[in-house]
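The next block holds one structure in the form of C-alpha cells; read it before the comments.
The values are calculated or read from the model by the stated rules, or taken from the named source; none is laboratory data. Predicted, not measured: the structure shown is a model, and the values here were computed from it. Every residue, glycine among them, receives a Cβ derived from its backbone with ideal geometry; neighbour counts consider all protein chains shown. Heavy atoms of the whole protein, side chains included, go into the accessibility calculation; ligands, DNA and RNA do not. Shrake-Rupley method; radii C 1.70, N 1.55, O 1.52, S 1.80 Å.
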Amino acid sequence: MGAYHPGSLAVQERVGVRDLAEHVGRSIGAGIRPVAAAFLEAQPMLVIGAADAGGHVWASLLTGPPGFARATGPHTVSVAGGVPAHDPLADAITGAGTPVGTLALDPRTRRRMRLNGTARPSRRGFTVEAEQVFSNCPKYLQKREWYGSEPAGPGAGAPHRGATLTPAQADRVRAADTFFVATAAPDGADASHRGGNPGFVRVDGPRELSWRDYPGNAMFLTLGNLESDGRTGLLFLDWETGTTLQLGGLARTEYGSGERVVRFRVDRVVETPGASPLRWSPPEYSPANPATP
C-alpha cells in the first residue's frame with residue numbers, strides 16, 4: 001500500500017489520479033527533516049485532530065509563543081501546555097497513546113506541514129511520535145499577517161455547547177474562508193485544511209453543511225478516511241477575535257460528474273469566545289480559490 005490505506009487508494013482510483021498520487025506519496029516520510037523542524041518551531045499555533053474518550057472526532061487549536069511546538073528528535077515533537085482544559089480533546093491524550101493528526105500552518109507565507117502519529121502526555125504537555133510527515137502546496141490558503149497576541153478578556157475560554165447551529169453560528173460558517181477538518185483513519189488520525197472564498201461552505205440547515213472538494217494534491221487522505229469512517233470534526237476560527245467554533249458529526253462524500261461534494265451532519269457544537277489569543281489581519285485571498293455562487 002505504501003503511503004496510503006485502502007480508502008485513499010479507492011478514491012484515487014475512482015477519480016483517476018492513482019499514478020499522480022503514487023508520485024506525490026513519495027514525499028511522505030516518518031522523519032522530521034531540519035527544514036520541517038525549523039518551520040514548526042516558528043509557528044504560534046498548531047491544529048490537532050483526534051477522538052475524545054467517547055470516540056467523537058474533533059479538530060482543536062493549540063497556541064503558544066513560537067517554539068511551544070518543536071521537534072526534539074528526528075521522530076518526536078514536543079508540545080508545551082497541552083490541550084486547554086475547556087477543549088473537547090482536553091482528556092483525549094492518554095499514556096496508552098492516542099492517534100493524532102497535526103497541522104502546522106503559517107498564513108504569512110501560505111505554507112503548511114502535516115504530521116500524524118501517536119501522542120502521549122509529558123511533563124510539558126504532550127509529545128507526538130511521528131509516523132507520517134509531509135508538506136502541502138499553498139493552494140486555497142489565505143494570506144494573513146500576525147498582529148500579535150492579546151490577553152484573555154472576560155468570558156474568554158468559557159465554551160458554549162449545543163447540538164445545532166444558532167443563526168449567528170450559521171452566519172459565521174457562511175462567512176468563513178478557512179476551516180480545519182479532522183478525520184479518523186483505520187490506523188490513526190488526520191488533520192487538514194480547507195479554504196476558499198466566503199460562501200464556499202454552505203449551510204443547508206441548522207445541522208447540515210456542505211462544501212465542494214476542490215482539486216488538490218491527489219492524496220485524498222481526508223476523503224479516503226471518510227470511505228470507511230464518517231466521524232469528522234470541523235474547526236472554524238475567527239482570526240480577528242480568536243473565537244473558535246468546533247463542530248463534531250458525520251461526513252460523507254457525494255461523487256457527481258466532475259465534482260465532489262462533502263456533506264456534514266452536525267451532532268455537537270462547541271463555541272469558545274477568545275479561545276485563541278492570536279490576532280490576524282484580514283485575508284488576502286488565494287488566487288487559486290474558485291468563484292463561489
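Here are a few things to note about the model shown:
- Single match in Leu245, Leu250, Leu234 (criterion: open to solvent by 40 Å² or more (accessible area, probe 1.4 Å) and not in a loop (DSSP other than H, G, I, E, B)): Leu250
One line per residue, one yes/no per condition, for (1) at pLDDT below 95; (2) open to solvent by 40 Å² or more (accessible area, probe 1.4 Å); (3) under 25 Å from Pro273 (Cα atoms); (4) out of contact with any helix residue (DSSP H, G or I) (no Cβ under 8 Å at 6 or more places or on another chain):
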residue	(1), (2), (3), (4)
Gly188	yes, no, no, yes
His193	no, no, yes, yes
Phe200	no, no, yes, yes
Glu208	no, yes, yes, yes
Leu221	yes, no, no, no
Leu226	yes, no, no, no
Gly230	no, no, no, yes
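- Residue ID - surrounded by the fewest Cβ atoms within 10 Å (Cβ to Cβ), chosen from residues in region 116-142 that are under 15 Å from the mean Cα position of the chain (by Cα) and hydroxyl-bearing (Ser, Thr, Tyr): Ser135
- Identity of the residue in region 67-90, assigned to a loop (DSSP other than H, G, I, E, B) and loosely packed, with under 15 Cβ neighbours inside 10 Å, that ends up farthest from the chain's Cα centre (by Cα): Pro74
To keep it simple, each residue is scored yes or no on (1) part of a loop (DSSP other than H, G, I, E, B); (2) over 19 Å from the mean Cα position of the chain (by Cα); (3) in contact (Cβ under 8 Å) with a residue 12 or more places away in the chain.
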position: Val11; (1), (2), (3): no, yes, yes
position: Glu22; (1), (2), (3): no, yes, yes
position: Arg26; (1), (2), (3): no, yes, yes
position: Val35; (1), (2), (3): no, yes, no
position: Leu40; (1), (2), (3): no, no, yes
position: Gln43; (1), (2), (3): yes, no, yes
position: Val47; (1), (2), (3): no, no, yes
position: Gly54; (1), (2), (3): yes, yes, no
position: Ser60; (1), (2), (3): no, no, yes
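- Annotation for region 17-24: no member residue is in contact with a strand residue (DSSP E or B) (Cβ under 7 Å, 6 or more places away or on another chain) and open to solvent by less than 60 Å² (accessible area, probe 1.4 Å).
- When Ile93, Ile32, Ile28 are checked against the criterion of being in contact with a strand residue (DSSP E or B) (Cβ under 9 Å, 6 or more places away or on another chain), closer than 24 Å to Arg268 by Cβ and either open to solvent by less than 10 Å² (accessible area, probe 1.4 Å) or of a type outside the set (Lys, Arg) (or both), Ile93 stands alone in meeting it.
- Only a single criterion out of (1) of a type outside the set (A, V, I, L, M, F, W, C); (2) over 17 Å from Gln142 (Cα atoms); (3) open to solvent by 10 Å² or more (accessible area, probe 1.4 Å); (4) not in a loop (DSSP other than H, G, I, E, B) is not satisfied by Thr183, namely (3).
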